[in-house]
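Visitor: Would you mind keeping the following structure in view while I ask a few things?
The values are calculated or read from the model by the stated rules, or taken from the named source; none is laboratory data. A quick note: this is a predicted structure, and the numbers were derived from the prediction, not measured. Because the Cβ atoms are built from the backbone with ideal geometry, glycine has one as well, and the counts that use them run over all protein chains shown.
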């Protein structure tokens, strides 16, 4: 079995990625072999490619994909040839075919396409743990969410509205502000033209938000601090503009007895039961029509450099899908 896959021999800009054809071994014990039809693009891929997260080189890339099981290794009883599956958090997803641990694969429910599953899994898992477990969002609460027009942000707006929260989204530009108001956000703040902290204070009668979800990092840190209510929780779960500064106890004290956390998806879905719960909640809300997944960009694997350039530019909205080349 041959596979086309993206690899890097050094970490750096998008140009370090190359596509190669290699022989794929049969699945080992505990693994399944998947003919992949749709591959998710996540900002974590950028962190791994550019060196923010170290990798053992040479290394494949990509963490999330969907497809059909075409072979099973010894000891695999939960999956069979012909099953449609999706997985997240397994390095090497940028490939036409690959072997993956069966324990990290989730069967795709009927009514959900492979593309939808690949576009939503890691983003849905992220929103589930953020809104339900890092901070238990409840009806009537104000929630501030940065990068609201991105893939995670769009799901968060819809999920938070379903929970009964008043969702306040931060995005860039009037067009995106209008977009997110159709995706669960009651209020939209344009970071290009508005003072985010001041606007949040205005919307909350001077109180601030009990929780801020910030995936932007360095550029948004001060505005997030300024947006929090007394005893508020700062959830820093990404760093698209660079790492947030170190947080001193003195800052948390003087800004209102604040809390700060830096969670990661890997911890929240490390246990199989947590992975299944989070995935099943995501798929349930999709099936019930609560969550709509917007796949707004598609690239082939051979166009992976352009895909990363588009993601890093900040111009993409919703989710981006990679598909194996057909030629």
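Visitor: Working carefully through the options 305, 269, find the one that is at pLDDT 95 or above, buried (at least 20 other Cβ atoms within 10 Å of the Cβ) and within 19 Å of residue 44 (Cα to Cα). Please lay out each step first, then the result.
Guide: Details: 305 fails: buried (at least 20 other Cβ atoms within 10 Å of the Cβ).
Step by step, each of 305, 269 is checked, and only 269 is at pLDDT 95 or above, buried (at least 20 other Cβ atoms within 10 Å of the Cβ) and within 19 Å of residue 44 (Cα to Cα).
Visitor: Right, another one. Could you tell me whether residue 244 is within 18 Å of the chain's Cα centre (by Cα) and touching a residue at least 12 places away in the same chain (Cβ under 8 Å)? Write out each step before concluding.
Guide: Values: within 18 Å of the chain's Cα centre (by Cα): no; touching a residue at least 12 places away in the same chain (Cβ under 8 Å): yes.
So residue 244 does not fit the description; no.
Visitor: Considering the stretch 252-266 alone, what residues qualify as being loosely packed, with under 13 Cβ neighbours inside 10 Å and free of Cβ contacts under 8 Å to residues at least 24 places away in the same chain?
Guide: Within the stretch 252-266, 253, 254 qualify.
Visitor: Then there is this: State all residues of the stretch 173-187 that are touching a strand residue (DSSP E or B) at 6+ places or on another chain (Cβ under 7 Å), closer than 17 Å to residue 151 by Cβ and outside any loop (DSSP other than H, G, I, E, B); if no residue qualifies, say none.
Guide: Result: 180, single match.
Visitor: Out of the residues in the stretch 308-323 that are in contact with a strand residue (DSSP E or B) (Cβ under 6 Å, 6 or more places away or on another chain) and assigned to a loop (DSSP other than H, G, I, E, B), state the one that is surrounded by the most Cβ atoms within 10 Å (Cβ to Cβ).
Guide: Result: 317.
Visitor: Another question, then. It is to be established whether one or more residues within the stretch 177-189 are buried (at least 23 other Cβ atoms within 10 Å of the Cβ), under 19 Å from the mean Cα position of the chain (by Cα) and touching a residue at least 60 places away in the same chain (Cβ under 8 Å).
Guide: So far as the stretch 177-189 goes, no, none of its residues is buried (at least 23 other Cβ atoms within 10 Å of the Cβ), under 19 Å from the mean Cα position of the chain (by Cα) and touching a residue at least 60 places away in the same chain (Cβ under 8 Å).
Visitor: Which ones in the stretch 23-43 are assigned to a strand (DSSP E or B) and either surrounded by 12 or more Cβ atoms within 10 Å (Cβ to Cβ) or modelled with pLDDT under 95 (or both)? Working first, answer last.
Guide: We begin by selecting, within the stretch 23-43, every residue assigned to a strand (DSSP E or B); these are 23, 31-40.
Passing the criteria: 31, 32, 33, 34, 35, 36, 37, 38, 39, 40.
Visitor: Same structure, new question: If you go through the stretch 132-147, how many residues are without any contact (Cβ under 8 Å) to a residue 60 or more places away in the chain, closer than 24 Å to residue 275 by Cα and touching a helix residue (DSSP H, G or I) at 6+ places or on another chain (Cβ under 8 Å)? Steps first, answer last, please.
Guide: Going residue by residue through the stretch 132-147, those that are without any contact (Cβ under 8 Å) to a residue 60 or more places away in the chain are 136, 138-140.
With the extra rule that they be closer than 24 Å to residue 275 by Cα, the set shrinks to 136, 138.
Now drop any that are not touching a helix residue (DSSP H, G or I) at 6+ places or on another chain (Cβ under 8 Å), which leaves 138.
Counting residues in the stretch 132-147 that are without any contact (Cβ under 8 Å) to a residue 60 or more places away in the chain, closer than 24 Å to residue 275 by Cα and touching a helix residue (DSSP H, G or I) at 6+ places or on another chain (Cβ under 8 Å) gives 1.
Visitor: Does residue 171 fit the bill of being buried (at least 23 other Cβ atoms within 10 Å of the Cβ), touching a residue at least 12 places away in the same chain (Cβ under 8 Å), over 24 Å from residue 104 (Cα atoms) and under 17 Å from the mean Cα position of the chain (by Cα)? Break it down stepwise before answering.
Guide: Values: buried (at least 23 other Cβ atoms within 10 Å of the Cβ): yes; touching a residue at least 12 places away in the same chain (Cβ under 8 Å): yes; over 24 Å from residue 104 (Cα atoms): yes; under 17 Å from the mean Cα position of the chain (by Cα): yes.
Here the answer is yes, as residue 171 does meet what is asked.
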